[in-house]
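> Have a look at this one.
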Amino acid sequence: MKKKGNEFKGLAGGKNYRNFARLFGFTAAFYRKGIGNVTLSDGMRALDLGCGPGALSFALAERASSQAGIIGIDISKDQLNYAQSQCSQYDCNIRFENCSMDELPYPDEYFDVVVTSMALHETPPDVRRAAIVQTARTLKKGGRFILVDWSKPKFGLWGVFWFPMICWGEQNRDNWRNVYPELCRHNGLQLKEDCYINSIARRQVFQKE
């Protein structure tokens, strides 16, 4: 089977992954910035692509109605199991499912919001491109796609630290060149917001026309 991306499991997954990520600035505050002012009201549905241990899903759940629903997907069962174990403190319906972001098993125009954070760069280029196609397919008209990931570093401590890793390798070229606005536009998703959360992480918000 063709590799869909980096699968974090065992000692590299779950709680260990969460704690390691926090050491590098990926705290609850980072994910709240990623979500921005998005609020899920009654009946709204959201999808988190490459959810890992669920940090972005939980940031979204903090501002969600008890009648809203959130689904997080990942290729790592270890990540999903840990995320599911952390759901009880949130009022809305959250569930985590094992699938790849380029093969979404959901109907057309099913979600009001699709989000992803620090996940696309962990996948091969063909997977991330197919994931954008799937995002556009499953997103309702007027729905939003929030994409947070590496981009060409700005001046700052984290930019200097991560520069050698971000600028090297085929998997990071899409992020370095920031090809996502063009890829999204070809799939009917128009760029509405574009800013950096820190010196390496870029937040882009697209809307389905």
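No value in this document is a laboratory result; all are computed from the given coordinates. Because the structure is predicted, anything quoted here is derived from the model rather than measured. Here the Cβ positions follow ideal geometry from the backbone for every residue, glycine too, while neighbour counts run over all protein chains shown.
> Place a +1 charge on the Cβ of each Lys and Arg in the chain and a -1 charge on the Cβ of each Asp and Glu, then give the dipole magnitude about the Cα centre in debye, rounded to the nearest 20.
In debye, rounded to 20, the chain gives about 420.
> Going by how many other beta carbons lie within 10 Å of each one, how would you line up ASP126, ASP102, fewest first?
ASP126, ASP102
> From the cross-link list LYS4/LYS192; LYS9/LYS77; LYS9/LYS33; LYS4/LYS154; LYS4/LYS208, which pairs have alpha carbons spaced over 19 Å apart?
LYS4/LYS192; LYS9/LYS33; LYS4/LYS154; LYS4/LYS208
> When the Cα centres of the stretch 193-209 and the stretch 63-95 are compared, how far apart do they sit, in Å?
23
> Nearest 5 is fine: what % of DSSP beta bridges in the chain come out antiparallel, could you say?
Rounded to the nearest five, the antiparallel share is 40 percent.
> Next question. Please arrange VAL148, VAL115, VAL205 by counting, for each residue, the other beta carbons lying within 10 Å of its beta carbon, fewest first.
In increasing order of surrounding Cβ atoms, one gets VAL205, VAL148, VAL115.
> Then there is this: Using alpha-carbon pairs under 8 Å, 6+ residues apart, how would you state the relative contact order of the chain in percent?
So the answer I get is 18 percent.
> A further question follows. With a/c under 1.5 counting as rounded, go ahead and sort the chain into rounded, prolate or oblate using the C-alpha gyration tensor (a ≥ b ≥ c being the square roots of the eigenvalues; past the cut-off, prolate if a/b is larger than b/c, else oblate).
Rounded.
> Further question: Once the dipole of the chain is set up with Lys and Arg at +1 and Asp and Glu at -1 on Cβ about the Cα centre, which of ASN198, ILE71, TYR110 lies farthest towards its positive end?
Final value for the positive-end residue is ASN198.
> Where the centroid of each part is defined by its Cα atoms, how far is the stretch 97-154 from the stretch 1-48 in Å?
So the separation of the two Cα centres works out to 13 Å.
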